[in-house]
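Novice: Handing you this structure, nothing more for now.
The values are calculated or read from the model by the stated rules, or taken from the named source; none is laboratory data. All of these numbers come straight from a predicted model, not from anything done at the bench. Here the Cβ positions follow ideal geometry from the backbone for every residue, glycine too, while neighbour counts run over all protein chains shown. Just so you know, the surface numbers come from the protein's heavy atoms only, side chains and all, with ligands and any DNA or RNA stripped out. Shrake-Rupley method; radii C 1.70, N 1.55, O 1.52, S 1.80 Å.
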Amino acid sequence: MGRKGFSVFWTLYALFFAVPFPMILYYPITYGGGGTRHVFTLSNPYWALAYLAGSVVLWGLLLVRYFRLWVIRPLQEEHALQQLAREGVPRDAEVVSAKNIGKQVQGHPEIQLEVQFENISGTPIRESLPIVDMRPELGRFAVGQRVRLRLSRKLTKGPLIAFVDAEFERDHLRWWLALLGWLLLLGAIASYYVFSYHYEHQGTGWRFLTFFHPLLICPLVLLGMRWLMGGGLGKFFMGTGDALRLKYEGYRAEARLLGAEQTGTYINEQPQVRFELEYEDQQGKTHHASFKKVVNLLDMAVTRAETIPIFYLADQPQKVAFATDLDG
């Protein structure tokens, strides 16, 4: 299974536990086989209103997020790429590899391009970029060719790299489908409120709402998944918050491994390891750094290496990352 297929599988797997699974648990437990709710399972009227308001707020937050992600972000990224191509830090890059993904975009091949260039600090780095080659007969992205790039000065979540003189064209069909999908989601949520009230109120108003009702649990789980997938676990266990700065502003150095020991924490059955490193910066000053990283069991040989290539920040020498984690 490829990386994309693996990602789709786990996304669908997580969505099952966020939406259908709470419903599968809730309705049989609450109503059993009779279809009638017991009075003692009803909420206090004030709690019921609180649950209703909470569910509306949670669904509202999700809808706003999805609207920004599906509808607004493509427009913002198009504008940001155009601005970056004009105002970014200029760099010459060399094409290291170019692989045809096998996907056509408006009749043109999409290519996974790996390029090597100097970051803002002048340190050579590599980056992998998907592009659509509008004129493949020119061979502009053949291995060994030189291309002109612009790098972002902000290092935010927006685009980091743009090709000089690149053409940016929005996929209008995909954008309209995303807008339609958002409207369908809005309609589905509104319909579920109507269905729940019609099926469950039994003359008691909204008192059928409890903390474990899907109207409250589903958006709560979806928001929790968003936090996890957006880097929540990474920030706690892997220290990934400075990855962009380390790659695009950092310096490269060979660090001596002073020690490596497991912390006792496991993520997906992979151990977290605390590394103690020593390295010399550009001025020849020695620094000690300690950081934690989840290591694949197949890569545990790194814990016995004498030296490890790293990236560090000149203004925060304690912030380091393995070069292998930042390449590509």
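Novice: Spin-label point model (7 Å from Cα, Cβ direction): what's the Met134 to Glu269 distance in nm?
Specialist: Inter-label distance under the simple model: 4.9 nm.
Novice: Loop only by DSSP, 15 or fewer other Cβ within 10 Å of the Cβ. Give me the trypsin sites (Lys or Arg not before Pro) in the stretch 285-326 that pass, ordered by residue number.
Specialist: Values: sites: Lys285, Lys292, Lys293, Arg304, Lys319; in loops: Lys285, Lys319.
Those satisfying the criteria are Lys285.
Novice: Charges on Cβ only, +1 for Lys and Arg, -1 for Asp and Glu, centred on the Cα centroid of the stretch 186-328; of His287, Met300, Ser191, which one is farthest towards the dipole's positive end?
Specialist: Ser191
Novice: Work out how far the C-alpha atoms of the stretch 251-328 reach from end to end along every principal axis, then list the three figures in whole Å, largest first.
Specialist: 40, 27, 21
Novice: Quick check for me: using +1 on Lys/Arg Cβ and -1 on Asp/Glu Cβ, what's the dipole size of the chain about its Cα centre, in debye to the nearest 20? Mind showing how you got there, number by number?
Specialist: On the way: 34 positive and 30 negative charges, 161 e Å.
Dipole of the chain, to the nearest 20 debye: 780 debye.
Novice: Thr11 to His201: FRET efficiency via 1/(1 + (r/R0)^6), r the Cβ-Cβ distance, R0 30 Å, to the nearest 0.05?
Specialist: For R0 = 30 Å, the calculated efficiency reads 0.30.
Novice: Let me ask something else. Determine the dipole magnitude for the stretch 41-172: charges of +1 sit on the beta-carbon of Lys and Arg, -1 on that of Asp and Glu, nothing else is charged, the reference point is the Cα centre, and the result goes in debye to the nearest 20. Present the calculation step by step, with values, prior to reporting the outcome.
Specialist: Working: 17 positive and 15 negative charges, 76 e Å.
Value, rounded to 20: 360 debye.
Novice: What is the Rg over Rh value, at two decimals, for the stretch 179-328, using alpha-carbon atoms and the Kirkwood definition of Rh? It would help to have the intermediate numbers written out before the result.
Specialist: Numbers: Rg = 24.0 Å, Rh = 19.2 Å.
Here the Rg-to-Rh quotient is 1.25.
Novice: Starting from the Cα gyration tensor of the chain, multiply each eigenvalue by 5, take the square root, and state the resulting semi-axes largest first in whole Å.
Specialist: On the way: eigenvalues 424, 168, 60 Å².
Square roots of five times the eigenvalues give 46, 29, 17 Å.
Novice: Relative contact order of the chain: what whole-number percent is it, with Cα pairs under 8 angstrom and at least 6 residues apart? Don't skip to the end; give the middle numbers.
Specialist: On the way: 462 pairs, mean separation 56.7, N = 328.
Relative contact order for the chain comes out at 17 percent.
Novice: Right, next: Could you state the accessible area per residue of the stretch 181-328 in Å², with a 1.4 Å probe and every protein chain left in place?
Specialist: 56 Å²
Novice: Additional query: First compute the accessible area of the chain with a 1.4 Å probe, then give the percent of it belonging to carbon and sulfur atoms. Don't jump to the answer; show the numbers that get you there.
Specialist: Details: 11860 of 19920 Å².
Carbon with sulfur: 60 percent of the solvent-accessible area.
Novice: Please check: in the Gaussian network model of the chain (C-alpha springs, under 10 Å), which one of Phe163, Phe21, Phe291 has the largest mean-square fluctuation.
Specialist: It is Phe21.
Novice: Let me ask something else. At a Förster distance of 45 Å, what's the computed FRET efficiency of His287 paired with Glu94, Cβ-Cβ distance as r, to 0.05? Intermediate results must be reported in sequence, preceding the final value.
Specialist: Details: r = 31 Å, r/R0 = 0.69.
Calculated value: 0.90.
Novice: OK, next. At 18 Å minimum axial length over the Cα atoms and a Kyte-Doolittle cut of 0.0, report the qualifying DSSP H helices in the chain, or say none. Numbers along the way, then the final one.
Specialist: Working: long enough: 3-18 (22 Å, 0.88); 45-67 (33 Å, 1.31); 73-87 (20 Å, -1.32); 172-200 (42 Å, 0.78); 214-227 (19 Å, 1.65).
Counting only whole DSSP H runs, the qualifying helices are 3-18, 45-67, 172-200, 214-227.
Novice: A further question on this structure: Count the lysine pairs in the chain whose Cα atoms lie under 22 Å apart, taking only pairs 8 or more positions apart in sequence or on different chains.
Specialist: Count of close lysine pairs: 20.
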